[in-house]
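Shown next, in structure tokens, is the structure this report addresses.
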Amino acid sequence: MNENKSIKGRFTAPEGCSPLSFGVSLSIAAVSSILAGAFPSAYGGIVFLIVAVGLFAYVLTARFNWLYIAAGAVTSILVAMACGVIFPLALVSLSYIPLAFVISASVRKKSSLVSTVSALTGALVIIIALSLAIC
């Protein structure tokens, strides 16, 4: 039985997670990237980032694909720039990707709440440090 788990891969959806079709997962990823793109502008806010992280973590957990990460990064930067944010500051809109990845990895590993929160705190500290370096 352990051999079967190693064959499945690191990014396989956990047991009990309902699969998503490609279109639904791409649509949810697009909505989350648009919300994350509006986050650093005057139109968005922290609520947009929270919703974007939650939606994107669900997509990464249910149907992981590198296409969602690449397309989401480009879309969120373009939306941020369309909202009037200059390019170096538009990179802050990418902060939803590592946070969603941490949540998704924690769900797949079935980590405890303490380890999930500590991993999210560590990722958030790194993101804040990089954001301050950009500013």
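The values are calculated or read from the model by the stated rules, or taken from the named source; none is laboratory data. This structure is a prediction, so every number in the text was calculated from the model and none was measured. As a convention, Cβ positions derive from the backbone with ideal geometry for all residues, glycine included, and neighbour counts pool all protein chains shown. Surface areas here come from the heavy atoms of the whole protein model, side chains and all, with no ligands, DNA or RNA. Shrake-Rupley method; radii C 1.70, N 1.55, O 1.52, S 1.80 Å.
Descriptive notes on the structure:
- Placing dummy labels 7 Å off each Cα toward the beta-carbon, the span from Tyr43 to Ser118 is 4.0 nm.
- Each of Ala57, Phe87, Thr12 was scored by the projection of its Cα onto the charge dipole of the chain, and the greatest displacement toward the positive side belongs to Thr12; charges sit on the C-beta of Lys, Arg, Asp and Glu.
- Rounded to whole numbers, the Karplus 3J(HN,Hα) couplings from phi for the range 66-76 are 5, 4, 5, 5, 5, 5, x, 5, 5, 5, 5 Hz, using 6.51 cos²θ - 1.76 cosθ + 1.60 with θ = phi - 60°, and x at Gly and Pro.
- Within-15-Å neighbourhood charge of Val102 [Cβ basis; K, R +1; D, E -1]: +4
- Going through [x] 24, 18, 14; [y] 33, 16, 13; [z] 28, 17, 11, the figure that equals semi-axes √(5λ) of the Cα gyration tensor in Å as computed for the structure here is [z].
- Atom-type composition of the exposed protein surface of the range 62-110 places 76 percent of the accessible area on carbon and sulfur (1.4 angstrom probe).
- P(r) histogram, all alpha-carbon pairs of the range 79-135 included - 10 Å bins from 0, percent: 23, 41, 25, 11
- For the range 44-99, projected area of the alpha-carbon convex hull averaged over all directions, nm²: 3.6 nm²
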